Structure formats: C-alpha cells, structure tokens
Amino acid sequence: MSIASQATAFPNGQEEGTTARTGQPAVRHVAAAERALSVLDALQDGDELGTNEIARRTGINASTVSRLLATLAERRYVEHVPATGRYRLSLRLVELGNAVLGRLDLRDLARPHLRALVRSTGETATLSAPGEHDAVTVDFEHGSAAVRSVAQLGRPSVGHATAVGKVLLAFGRVEPPAPPLTAYARRTITDPARLADELDRVRRRGFAESHDEREEGLSAIAAPVHGGRAELAGIVGVQGPSSRFDAAARRAAIPLLLEHTADLSRDLGARG
C-alpha cells in the first residue's frame, strides 16, 4: 500500500499526515501538545510550582502533569528544583525567545541608529529588549576605538546596577529588585531608598547613567524606545571605558542618544 493511500481523507479535502493545501495551519489539534503548553503557561509568572498546584491551575490530573513535567524537563523546557521538589521554566525558553527576537523589526529599525551612535561617540552602542526581570541585549555595534567595551548577545542588564537596567525599572512594568541589593562594584546602588530616588531622576530626565556600578571601569548611558501604545519597546545604550567615556563625554553623547531613541520611537508608531 502506498503512503498516499494510507493517508486518511477529511471533509475539507485535507489528508491526515499531509501538508494543508491551503497554506493554513491544520485545524485538528494534538491534545497532548495542548496539555504540555498549558503546563508551560501555568509556570509563566516565574513562580516555582509543584505538581499538584500545576494540576489545579490547568485542570489536568496530577499523574498526567507529572509525566508532562518529566518530558519537558528532559527537553530542557522546565527544570526541577531539588531543594523544593518544584518546577520552574528553564533558560531553554530564553534561547527560543532570542531566536524570535533575532527577526524582530525592532532590530532592523534600530541598527542604523546604533551605527550612527558609534560613528558619533566612538563607543559601543547596544539595543536591549525588556524582560520580566532584566533587559536582555539583542543587538549591538562595537565602538571604533582600539580599547572598547565588550557587549554580548543575551546578556541581562542588572536593574539597579546598569543604565539599561535603570531604564527598564523606570519605564517598564517591572518591580525593583527586593533587598538586599547586590553590590557588583564600588559605586553600585545598594540602598533601596537611593534606588527609588535614582529611578525618579531617570523618569524626569528621560535617560539613565551608570558609572563603575556594574563593572569597575565601565560607564554607560541609556534611554527608552517606546512603541505605538506608549509601552517600553526597547532600550538603546552607549557604553565605554570610564577613563574615556567620562562625565564630559557622556554629557556630549546624551543629546545624540535621545535624538536617536525619539526617532526610533516614532518609527514604531509612538507619539509625543
């Protein structure tokens, strides 16, 4: 019997096991896949959950949830926390998210602005995407100077210790980190009251600065990019060695940064 004759015909003319001729997704769903996705949705808030709690939230019986979690853990979509016996989403989803971000229009729109900032300042320009807790670098252009700061795709920007992170806390729907605040360098803000004052300052000025706060010898500025619904769509930053990207250099670069983020926001449909 041929493969074609083994396929089961459906009323719409589509055959099971064949690609839809209309170019549209098939209408028949796989129940096991839907249940697995329901488990992932239950974990999307970032909480660690046990099997019974996931079963309660999804309406799937606990034994099935247990098997789904074992499968998802084996494929690295969730991870088991031995200390609590619970489960949480894994960094595998960050990898997939970065693959999606790789084709976002924002990167294409932002790249000319990053290059222009590098030409104007000589320093490294970065584009970050806002996340639930941190902003993640999704694109960058290295500075033209011989000694330049190193940017990495996928690197998170710590909220209280980086210019990009401060923009996320000031303009994104993200709660400030709970104390105690980690001291990464000698100038890291570790006092929650001082951090609150700093974020108010960022909102008033429309940009953030950092100087030897995440790393010794690294300074940066950053500003928000807003989308058509006034949401925080991205963050553009400029960073360089503190010995060269000093207070005077940062002051000179801030108007350029704000000009480019305003243009990029307008490209995304933001008003005002």
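Meeting the requirement of 1 or more residues that are at negative phi and at pLDDT 90 or above, the helices (runs of 4 or more DSSP H) wholly within the range 37-109 are 51-58, 62-74. When Leu268, Leu195, Leu264 are checked against the criterion of being hydrophobic (A, V, I, L, M, F, W, C) and out of contact with any Gly (no Cβ under 8 Å at 6 or more places or on another chain), a single residue qualifies: Leu195. Can you find a residue that is surrounded by fewer than 23 Cβ atoms within 10 Å (Cβ to Cβ) and among the β-branched types (Val, Ile, Thr) anywhere in the range 168-176? Within the range 168-176, one or more residues are surrounded by fewer than 23 Cβ atoms within 10 Å (Cβ to Cβ) and among the β-branched types (Val, Ile, Thr).
Going by the conditions given, is Glu215 closer than 23 Å to Leu153 by Cα and not hydroxyl-bearing (Ser, Thr, Tyr)? For Glu215, the condition - closer than 23 Å to Leu153 by Cα and not hydroxyl-bearing (Ser, Thr, Tyr) - is met. Pick from Gly165, Gly154: which is farther than 16 Å from Ala253 by Cβ and surrounded by 23 or more Cβ atoms within 10 Å (Cβ to Cβ)? Being farther than 16 Å from Ala253 by Cβ and surrounded by 23 or more Cβ atoms within 10 Å (Cβ to Cβ) holds for just one of Gly165, Gly154, which is Gly165.
Just one residue in the set Leu96, Leu72 is farther than 25 Å from His160 by Cα, of a type in the set (A, V, I, L, M), out of contact with any Pro (no Cβ under 8 Å at 6 or more places or on another chain) and free of Cβ contacts under 8 Å to residues at least 12 places away in the same chain; that residue is Leu96. Condition first: within 23 Å of Leu114 (Cβ to Cβ), modelled with pLDDT of 95 or more and in the same structural domain as Leu109 (by TED's automatic domain parsing). Can you find one or more residues in the range 179-197 that meet it? The answer is no, given that none of the residues of the range 179-197 is within 23 Å of Leu114 (Cβ to Cβ), modelled with pLDDT of 95 or more and in the same structural domain as Leu109 (by TED's automatic domain parsing). Aromatic (Phe, Trp, Tyr) and under 16 Å from the mean Cα position of the chain (by Cα): does that describe Phe207? Taking the combined requirement at face value, the residue does not satisfy it.
The values are calculated or read from the model by the stated rules, or taken from the named source; none is laboratory data. Owing to the predicted nature of the structure, the values given are computational and were not obtained by experimental measurement. Don't worry about glycine lacking a Cβ; one is built from the backbone with ideal geometry, like all the others, and counts go over all protein chains shown.
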